[in-house]
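Enquirer: Submitted below is the structure of interest, expressed as structure tokens.
Readers should treat all values here as calculations from the given coordinates under stated rules, not as data from a laboratory. Keep in mind that this is a model prediction, so the values were computed, not measured. For neighbour counting, all protein chains shown are included, and Cβ atoms are generated from backbone atoms with ideal geometry for every residue, glycine included.
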Amino acid sequence: MNKDTVAYLLKMGSISFTEDELERLTDGMAEMAAVADTVKAVELPENATVKMSTVRLGDLRADRKEESMENAKLLSNAKTVNNCFVVPKVLE
């Protein structure tokens, strides 16, 4: 991942940054990408199973309703075409 790509992602998120922060974030993103590549490289046998722990209903928190922002305000900066949201291509 290069500095231009990280800067573009930060600008898309309206996140301000200094040159030093950009350098650190670029290094961090490169490290994360390297870790993801090593995870992808792990080969599991076809008969590998994953142990799933059971989540009991009593272990979950209760739902609670909270006030939110108005939909119009949340969507005020969203670009639409033919009633669909336009999302720019970020990664290839």
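Enquirer: Taking 7 Å along the Cα-to-C-beta vector as the label spot, tell me the residue 87-residue 12 distance in nanometres, rounded to one decimal.
Expert: With each label placed 7 Å out from Cα toward Cβ, I get 0.9 nm.
Enquirer: Arranged from highest to lowest average of other beta-carbon atoms within 10 Å per residue, in what order do the peptides 77-83, 4-10 appear?
Expert: In decreasing order of mean packing, 77-83, 4-10 become 4-10, 77-83.
Enquirer: Classify segment 1-44 as rounded, prolate or oblate from the Cα gyration tensor: take a ≥ b ≥ c as the square roots of its eigenvalues, call it rounded if a/c is under 1.5, otherwise prolate when a/b beats b/c and oblate if not.
Expert: prolate
Enquirer: Moving to a separate point now. Which distance in Å, rounded to a whole number, links the C-alpha centroids of segment 5-25 and segment 58-85?
Expert: Using only Cα atoms to place each centre, the spacing works out to 26 Å.
Enquirer: Would you please give the residues with an amide H less than 5 Å from that of residue 17, counting only those at least 5 places away or on a separate chain, with H modeled from the backbone geometry?
Expert: none
Enquirer: What full-extension length gain, to one decimal in nm, is calculated for residue 30 and residue 42 as 0.36 nm per residue of separation minus the Cα-Cα distance?
Expert: Taking 0.36 nm per residue and subtracting the Cα distance, the gain is 2.4 nm.
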